[in-house]
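Worksheet: the structure to be examined is printed underneath.
The values are calculated or read from the model by the stated rules, or taken from the named source; none is laboratory data. What you see is a predicted model, and the numbers here were worked out from it, not measured in a lab. Cβ placement follows ideal geometry from the backbone for every residue including glycine, while neighbour counts extend to all protein chains displayed.
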């Protein structure tokens, strides 16, 4: 598998885990490599409809979060303010 494809697979696995741990449900997302860097785009259900957001992400940090609880905790803390309107269930207990 080409390196970019593996990076995207790892990034998607990390994003799904983090969104689950944040308690986000009813969402669609993409992780894309752009000229300016990687971007996470998420649309999630809220009480009033849908919210769309885009966050810059570091693929190396996402990959590291799969095996390092400290990196995962940092990303959860960084992302929490952006996803507050989306969280509709208690967050999962991080592993």
Practice prompt. Please state which of the following conditions residue 26 fails to meet, knowing it meets all the rest: (1) surrounded by 13 or more Cβ atoms within 10 Å (Cβ to Cβ); (2) touching a residue at least 40 places away in the same chain (Cβ under 8 Å).
Written response: (1)
Worksheet item: Could you say whether any residue in the range 43-53 is surrounded by fewer than 16 Cβ atoms within 10 Å (Cβ to Cβ), at pLDDT 95 or above and not in a strand (DSSP E or B)?
Response: no
Item to complete: Mind listing just one residue for me: the one in the range 1-23 that is in a helix (DSSP H, G or I) and without any contact (Cβ under 8 Å) to a residue 24 or more places away in the chain and, of those, nearest to the chain's Cα centre (by Cα)?
Response: 16
